[in-house]
Amino acid sequence: MRVALFVTCLVDLMRPQVGFAAVRLLEAGGCQVEVPESQTCCGQPAFNSGDLDTARAIARNVIEAFAGYDHVVAPSGSCAGMLRLHLPTLFADDPQWRARADDLARRTHELTAFLTDVLGFDGLGDARFDGTVTYHDSCASLREMQVAKQPRALLRRVAGLELRELTTPEICCGFGGTFCVKYPDISTHMVQDKVDDIEATGAQTLVAGDLGCLLNIAGRLQRTGSVVRTFHVAELLANMADGAAIGEGEAQ
Amino acid sequence: MKSTATEFVANSRNALADRQLQTALGRVGPGFIEKRRLALQDLPEFELLRASARDIKDRTLEALDVHLERFEAQVATAGGQVHWAADAAEACEQIVALCRQHGAHKVTKGKSMSAEEIGLNDALEQAGFEPIETDLGEYIIQLAHEPPSHIIAPAIHKNRAQIADLFQEHHGRYGITHRAESVPEIVDEARQVLREQFLAADVGITGANFLVAETGSVIVVTNEGNGDLTASLPRAHIVVAGIDKVVPTLDDASVLLRLLARSATGQAFTAYTSLFTGPRRIADPDGPDAFHVVLVDNGRSAMLGGPFREMLRCIRCGACLNHCPIYGSVGGHAYGWVYPGPMGAVLTPLMTGLANATDLPNASTLCGRCEAVCPMSIPLPRLLRQHRNEQHRRRLDSPRARWALAAWGFAARRPRLYRLATGLGIRLLALLGKRRGRFAHLPLAGGWTRSRDLPAPTGPTFMSQWRRPNRPGTGS
């Protein structure tokens with residue numbers, strides 16, 4: 001099975017290890033993983049800012065880059081949601097590109113959903129993480145991609161891991177792409193609510209499936225002096241959560 | 001009412017710093033969200049009802065003119081009269097004229113968002129009438145001279161002490177000197193004051209939850225019974241409603257009613273669900289002598305023919321407000337006009353002009369919780385994006401945002417340039433952030449770093465590492 005990894009711009013730029021963790025999991029699940037060189041971003045910032053011409057131009061690039069693969073997998077519900085639900089809407093008046101966008105949409109998956117639902121993969125045999133973990137549902141994973149059970153099922157199979165649920169896992173963390181810098185006061189209020197919920201679980205580690213939420217939550221946890229560490233769920237599932245967590249440097 | 005939606009950022013900052021408001025907003029969760037959740041637990045057919053409700057409204061909107069004209073004819077058959085108002089000003093003029101025609105002085109009002117939308121109280125006062133709100137929440141904000149902060153709980157931002165203060169300040173003229181402290185005392189005092197008003201009113205004005213075309217009936221739901229007294233005791237009953245409120249049949253209305261109260265307050269049904277059909281008939285023991293319905297367009301027919309058509313399915317339950325994390329953070333007044341939350345962020349720009357409400361469609365993370373709970377399946381995030389598209393097209397977005405987006409978009413379409421530019425930038429940032437792993441300050445990133453650390457890139461980029469022979473993660 002030829003699977004293309006949609007790295008996502010945040011993983012590419014901010015935390016490449018998430019991409020390598022995804023590759024490790026996909027290969028363990030029996031996929032032949034390729035990373036198309038011409039990929040950049042899914043175009044969501046332009047799409048959500050009303051710049052449909054730019055979004056469309058980027059969409060064409062995405063469609064070209066990922067043509068011909070059996071599946072396209074992203075370690076992000078948000079980018080996968082963009083490809084699956086929104087890209088086709090950009091070509092309402094262009095039947096040829098619309099057909100290609102629909103085809104890409106059908107082949108696109110969020111990582112944990114692909115691992116469980118398509119591959120029937122139930123984790124690395126030697127996956128281990130000693131500690132209590134809580135999981136944050138990103139809005140796009142939960143409501144656009146219907147991803148909720150899959151990451152939890154995979155986490156429960158990790159030896160040594162105790163999963164604790166948030167009181168309100170379905171509430172947004174306040175990231176929202178450009179929202180967090182356009183409306184920083186509201187965004188801060190929202191992420192503080194999320195941080196309070198996380199702290200109340202007593203979990204030592206927070207994981208999520210979207211790096212945008214994770215950067216936001218990790219940044220607030222660290223600013224407020226919390227000891228809770230954050231990883232992308234793929235890092236933990238791939239046994240790659242033994243080094244620096246998000247926002248931790250050499251000084252830690 | 002004049003909109004202050006242009007002040008959204010300043011309004012929201014004040015709201016976030018208002019401790020009392022934050023405490024009040026904390027009640028939304030247990031008060032509405034939890035009750036709705038429990039109500040839906042007992043309604044396994046919720047999703048079926050929801051689909052059916054959407055079909056009913058879509059079908060109605062397909063032939064809205066036909067249903068409205070049928071409603072008008074049935075109202076006339078029942079002895080009432082329908083008046084058509086193109087905009088807020090015309091609606092107010094017509095209602096003022098009707099109040100004059102019926103020789104009114106005192107006018108009681110049931111809770112109506114349409115009346116708020118057209119600024120009816122101001123118009124009535126300017127014309128020399130004395131409008132009195134009879135819904136407790138509306139009455140409280142009328143005393144405070146404030147707009148509603150929630151479409152079904154207009155005074156949700158007020159606490160008990162503030163209400164007691166307002167009553168003490170305004171009720172002296174009714175000879176009430178004792179300060180009401182407890183909730184039952186406050187409710188009793190309001191009942192005592194309002195009872196006199198109900199009996200003294202010449203005209204009663206209510207809104208409508210539904211207009212039934214086949215019978216010419218107006219359906220009003222309340223929990224306080226004030227709607228019934230407002231409609232039945234005065235000489236004339238005037239209904240003010242948007243043209244989107246019409247449904248073809250009583251059966252259609254009953255489907256929507258099953259969703260409305262559950263979505264709004266978590267009740268299976270509100271305490272009162274009243275149907276008003278024409279004025280008092282000869283054999284009726286009570287009821288008004290005259291029955292008028294003022295149907296307000298105010299931008300609705302324009303919505304019908306454009307991309308915002310689905311917004312006309314809205315039944316004003318408030319579920320999107322209750323579940324919105326932005327509304328939950330800043331409350332209703334920050335939105336600056338009468339409709340707050342996600343439905344308000346869609347409606348306010350349509351009714352007051354997009355250029356006068358540029359923040360509203362943008363102040364959303366598009367988290368989708370509103371659409372998920374909407375009983376009418378209105379795609380609110382898509383409609384917010386639709387406003388953003390229009391803003392971008394009309395250059396109403398900020399030059400700085402446009403510039404940043406254009407620069408990033410230029411690079412994102414050119415993979416080689418993108419790799420080169422991001423590769424260099426990331427290497428630099430990774431080097432700077434290597435020791436601490438994050439930034440407490442970073443030029444141009446103040447919006448982020450004022451309240452959050454910014455995790456540093458761990459560098460180099462995935463794409464540059466992927467091309468190396470010994471990429472990370474292999475050979476474990």
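Quick notes
- The criterion of at least 1 residues that are in contact (Cβ under 8 Å) with a residue 60 or more places away in the chain and either in contact with a strand residue (DSSP E or B) (Cβ under 8 Å, 6 or more places away or on another chain) or within 14 Å of B:T265 (Cβ to Cβ) (or both) is met by the following helices (runs of 4 or more DSSP H) wholly inside the stretch B:1-48: B:34-41.
- Filter result for A:G219 (buried (at least 23 other Cβ atoms within 10 Å of the Cβ), at the interface with chain B (Cβ under 10 Å from one of its Cβ atoms) and free of Cβ contacts under 8 Å to residues at least 12 places away in the same chain): no
- Of all the residues in the stretch A:63-83, those that are at negative phi and surrounded by fewer than 24 Cβ atoms within 10 Å (Cβ to Cβ) number 8.
- Residues in the stretch A:36-62 that are crowded, with 19+ Cβ neighbours inside 10 Å and hydrophobic (A, V, I, L, M, F, W, C): A:C41, A:C42, A:A46, A:F47, A:L52, A:A55, A:I58, A:A59, A:V62.
- Qualifying residue in the stretch B:379-399 (condition: of a type in the set (A, V, I, L, M), touching a His at 6+ places or on another chain (Cβ under 9 Å) and touching a residue at least 12 places away in the same chain (Cβ under 8 Å)): no
- For the stretch B:351-373, filtering for residues that are in contact with a Cys (Cβ under 7 Å, 6 or more places away or on another chain), free of Cβ contacts under 8 Å to residues at least 24 places away in the same chain and either assigned to a helix (DSSP H, G or I) or within 19 Å of B:R395 (Cβ to Cβ) (or both) leaves 0.
- Listed conditions (1) within 10 Å of chain B (Cβ to nearest Cβ); (2) in contact with a strand residue (DSSP E or B) (Cβ under 9 Å, 6 or more places away or on another chain); (3) in contact (Cβ under 8 Å) with a residue 12 or more places away in the chain are all met by A:G249, apart from (3).
- Selection within the stretch A:55-74 - in a helix (DSSP H, G or I), β-branched (V, I, T) and in contact (Cβ under 8 Å) with a residue 24 or more places away in the chain: A:V62, A:I63
- Residues in the stretch A:222-246 that are outside any loop (DSSP other than H, G, I, E, B) and either touching a Cys at 6+ places or on another chain (Cβ under 6 Å) or more than 7 Å from chain B (Cβ to nearest Cβ) (or both): A:R229, A:T230, A:F231, A:H232, A:V233, A:A234, A:E235, A:L236, A:L237.
- If the condition is being surrounded by fewer than 24 Cβ atoms within 10 Å (Cβ to Cβ) and among the hydroxyl-bearing types (S, T, Y), then the stretch B:357-415 contributes B:T358, B:S377, B:S398.
- Residue satisfying all of: in the stretch A:21-54; more than 8 Å from chain B (Cβ to nearest Cβ) and part of a helix (DSSP H, G or I); farthest from B:R471 (Cα to Cα) among these: A:D53
- Here B:C320 qualifies as crowded, with 22+ Cβ neighbours inside 10 Å, within 28 Å of A:P169 (Cβ to Cβ) and under 10 Å from the mean Cα position of the chain (by Cα).
- Being crowded, with 24+ Cβ neighbours inside 10 Å and farther than 22 Å from A:A22 by Cβ holds for only one residue in A:G174, A:G202, and it is A:G174.
- Selection of the stretch B:367-420 for residues being β-branched (V, I, T) and facing another protein chain (nearest Cβ under 10 Å) yields an empty set.
- Residue match in the stretch A:158-176 (condition: within 12 Å of chain B (Cβ to nearest Cβ), among the β-branched types (V, I, T) and within 20 Å of the chain's Cα centre (by Cα)): yes
- Of the residues screened, B:D228 is one that is in contact with a Ser or Thr (Cβ under 6 Å, 6 or more places away or on another chain), among the charged types (D, E, K, R) and closer than 18 Å to B:E138 by Cβ.
- Single match in A:D210, A:D193 (criterion: charged (D, E, K, R), under 30 Å from B:V330 (Cβ atoms) and either touching a Pro at 6+ places or on another chain (Cβ under 8 Å) or without any contact (Cβ under 8 Å) to a residue 60 or more places away in the chain (or both)): A:D193
- Filter result (free of Cβ contacts under 8 Å to residues at least 60 places away in the same chain and closer than 22 Å to B:Q267 by Cα) within the stretch B:215-234: B:I219, B:V221, B:N223, B:G225, B:D228
- For the stretch B:440-455, the tally of residues that are facing chain A (nearest Cβ under 7 Å) and under 19 Å from A:L211 (Cα atoms) stands at 7.
- Residue that is surrounded by the fewest Cβ atoms within 10 Å (Cβ to Cβ) [pool: residues in the stretch A:1-20 that are part of a loop (DSSP other than H, G, I, E, B) and at the interface with another protein chain (Cβ under 7 Å from one of its Cβ atoms)]: A:R15
- Summed over the stretch A:165-187, residues that are charged (D, E, K, R) and closer than 20 Å to A:A113 by Cα total 2.
- Considering only residues in the stretch B:374-392 that are in a loop (DSSP other than H, G, I, E, B) and aliphatic (A, V, I, L, M), the one that is farthest from B:R316 (Cα to Cα) turns out to be B:I378.
- Any chance A:D70 is farther than 27 Å from B:T458 by Cβ, at the interface with another protein chain (Cβ under 9 Å from one of its Cβ atoms) and over 18 Å from the mean Cα position of the chain (by Cα): no
- Residue check, B:R36 closer than 17 Å to B:A253 by Cβ and modelled with pLDDT of 95 or more: no
- Search result, residues across the stretch A:75-90 that are farther than 27 Å from B:P399 by Cα and assigned to a helix (DSSP H, G or I): A:G77, A:A80, A:G81, A:L83, A:R84, A:L85, A:P88
The values are calculated or read from the model by the stated rules, or taken from the named source; none is laboratory data. Nothing here was measured: the structure is a model prediction, and the numbers come from that model. Quick reminder, even Gly has a Cβ in these numbers, built from the backbone with ideal geometry, and neighbours come from all protein chains shown.
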